[in-house]
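Asker: Starting off with a structure, shown below.
Values quoted throughout were computed directly from the atomic coordinates according to the rules given, and no laboratory measurement underlies them. Keep in mind it's a predicted model, so treat the numbers as computed, not measured. Positions of Cβ are backbone-derived with ideal geometry, glycine not excepted, and every protein chain shown enters the neighbour counts.
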Amino acid sequence: MRTILHIDFNSYFATVEQQANPRLRGKPVGVTGGDRFKRTVLGAASVEAKKFGVKTGMRIPEALKLCPRLILVKGDSYKYLESTKRFLNILKDYSPYVEVFSIDEVFLELRNFSWGPVRSQPQKCPRSLPFAAGSFWGAPLPATPAKNYPLSPLETALDIKRRISEEVGEWVKCSIGISYNRRMAKLAGSLYKPDGLVVIADEEGARFILDRVELDEICGIGFAIKKRLNNMGVFSFKDLRKVPLEALLASFKSYGKVLFDLSRGIDETSVLPFYEKEEVKSVGHRYTIDHDTKDLAEIKQVLLKLVELIAKRLRTKKLVGKTVSIWVRNAFKPHLRGEVIAKPVAHLGGEFAHPRGELGGGGFQGAGMQATIAFTDSGMEIFNGAWKSFLKIWDGSEIRMVGVSVSNLKPKNPENLTFLEDKLRIEKLTKIMDEVNNRYGDFTLQRGVLLGSRKVKRMPNPFLADYRFKI
Amino acid sequence: MLELSESINVWALFEKASVRPFVFIWNNRKIKIETINFVHTTHEGSALIYHFSVSAGGNFYKLGFDCSNLKWILEAVEDDS
């Protein structure tokens, strides 16, 4: 039987900031983005800020309204990456099967464990759930270590918590869920925060928990699926278990089987070790400008800078791509009374509404488009594709954010040397620019058109899209 | 928090593969570091830079150490003033 630990840091970015600066400890802290921190949304809220109702993703004026004493801290992704690296270094001492789910969430699989008979003493009940006599949830796993692992799963979890405190920082806390599969481990880890430790030992224990949580509290059921289930008359996992597999397959196609299994606490997906992570599917960047703008020259500069960063990453990875996606987000627009809020459509566009916004409700209008170009890793070719799309989707209004990505990637094959002088010159120039920029920093050498443009710095995203940990 | 980029003199211990600042001189004051709360690194091109988040006398300081030129920079200060 598998034993999986889900380790989730609590209010990660805010906690790391509090670890670095003890003057922030015990105070409501909101982590936000870079130099534009007055215009972006909160990337994280500390445990203290959450008590005021401040949430991740909230607009700053909205958060300050809820908590006027909120301390805004400029986020530093490299600090959080360092913390994650140290944490992964700890985990690799327990098992090689470590899956980095995001910058603050990891699955750890312990193999060769025999669970044996589960001791049935109850633990503290998270979120005041009634403890069902005889159920196994919350019971510690037996201490039956295999030869390779000196500690039982529960001891392992306690040891990980101790080492995080010692090696990452005493203020950094995590919640750990232990179970027999990934989804149940993640559910267990989400039940009690901060600094929780919950075990769901078997399917009976899983069903006990599932019957007491909302459908969308489990990884795999989001807003849209929950709504579709509600439309079918399914409002709980108990209801979901009553739906025949055939009916779920008819409504959700192959995902019906996932839902069928989910409601029973079944999940066959395995932990994907970080060193076997899937290949990169797209490379992209986005940038929130520090003011709303409709100045085409300024937008062009920002877009070209983003594209240059993308192209350099493609060249580093020896990849070429042919699908260029661009999306823009317009300036914040308050809703008028009675105005219908459009549903968000895809990551490429739609409207992002904040119904309780500072101005009594409003949102960000956005638009996006994809274009297909010849396979390339050239900044200028990607830019040309992106710019044509931008001009098609831009309605002339002020924008606050622009993003671009390149997908449909394939490895760059060695090419014959070109006899075209211009092409050869560009290739040589690009190679030299990359060498200089790798040595002295991005945009040390850049196109003349970018001189005097705003500073754009590459920061890793929290989902670590193409980041590889070397531990 | 006040963000700076001020070159400073730091008394530091280089041992094995690590570096540890213990005193720095700023505004003609000798400041003894009490705790190193967090250390992380960044790259500026190929230059490796260590950032030390430290506490001294109830104040917070962020020191940067550029491995390429062995220079120390005071990057941020948060005190009661």
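Asker: Find out how many positive minus negative residues lie around A:Ser165, taking Lys and Arg as positive, Asp and Glu as negative, among other residues whose Cβ is under 15 Å from that of A:Ser165.
Answerer: +1
Asker: How would you rank A:411-418, A:73-80, highest first, on the average number of other Cβ atoms within 10 Å across their residues?
Answerer: Put in order of decreasing packing, that is A:73-80, A:411-418.
Asker: From the cross-link list A:Lys161/A:Lys238; A:Lys305/A:Lys392; A:Lys161/A:Lys257; A:Lys85/A:Lys410; A:Lys312/A:Lys410; A:Lys392/A:Lys431, which pairs have alpha carbons spaced over 26 Å apart?
Answerer: As for pairs spanning more than 26 Å Cα to Cα, those are A:Lys161/A:Lys238; A:Lys161/A:Lys257; A:Lys85/A:Lys410; A:Lys392/A:Lys431.
Asker: At a Cα cut-off below 15 Å, give the aspartates and glutamates reachable from A:Lys242, other chains included and same-chain residues fewer than 8 away excluded.
Answerer: A:Asp211, A:Asp261
Asker: Explain nothing, just the number: relative contact order of chain B, from Cα pairs under 8 Å at least 6 residues apart, as a whole percent.
Answerer: 29 percent
Asker: What are the semi-axes of the equivalent ellipsoid of chain B, taken as the square roots of 5 times the eigenvalues of the Cα gyration tensor, listed largest first and rounded to whole Å?
Answerer: Value: 20, 14, 12 Å, ordered largest first.
Asker: Once you have the alpha carbon radius of gyration of the range A:212-262, what is it after dividing by 2.2 N^0.38 Å, with N set to its residue count?
Answerer: Ratio of Rg to 2.2 N^0.38 Å for the range A:212-262: 0.98.
Asker: log₁₀ I(q)/I(0) of the range A:12-77 at q = 0.22 Å⁻¹, via Debye over equal Cα point scatterers, no solvent, to two decimals?
Answerer: Values returned for q = 0.22 Å⁻¹ are -0.79.
Asker: Relative to the Cα centre, what is the charge dipole magnitude of the range B:2-78, using +1 at the beta carbon of each Lys and Arg, -1 at the beta carbon of each Asp and Glu, and rounding to the nearest 20 debye?
Answerer: Here the range B:2-78 has a charge dipole of around 300 debye.
Asker: Residues of B:60-72, mean number of Cβ from any other protein chain within 10 Å of their own Cβ, rounded to a whole number?
Answerer: Whole-number average of other-chain Cβ neighbours for B:60-72 is 1.
Asker: Modelling each spin label as a point 7 Å along the Cα-to-Cβ direction, I'd like the B:Leu70/B:Arg29 distance in nm, to one decimal.
Answerer: 2.9 nm
Asker: Just list whichever of A:Lys27/A:Lys65; A:Lys281/A:Lys428; A:Lys51/A:Lys173 have alpha carbons separated by over 22 Å in the model shown.
Answerer: A:Lys281/A:Lys428
Asker: Oh, and also: How long is the gain from A:Arg447 to A:Glu268 if the chain were fully straight, where each residue apart is worth 0.36 nm and the alpha carbon distance is subtracted?
Answerer: Length gained, A:Arg447 through A:Glu268: 59.4 nm.
Asker: State the extension gain, in nm to one decimal, for the chain segment bounded by A:Lys410 and A:Asp239, taking 0.36 nm per residue of separation less the distance between their alpha-carbons.
Answerer: 57.1 nm
Asker: Here is a further query. Please state the relative contact order of the range A:12-77 as a whole percent: Cα pairs under 8 Å, 6+ residues apart?
Answerer: Contact order relative to length: 35 percent.
Asker: For A:Val243, what residues show an amide H to amide H distance below 5 Å, using hydrogens built from the backbone and excluding near sequence neighbours?
Answerer: Sorted by chain and number, the residues that satisfy this come to none at all.
Asker: Around B:Glu6, what is the net charge, scoring Lys/Arg as +1 and Asp/Glu as -1 over all other residues with Cβ under 12 Å from its Cβ?
Answerer: Result for the local shell: 0.
Asker: On to the next question. So, in nm, how far is label A:Glu166 from label A:Glu204 when the simple model puts each one 7 Å beyond its Cα toward the Cβ?
Answerer: Going by the 7 Å Cα→Cβ label model, 3.8 nm.
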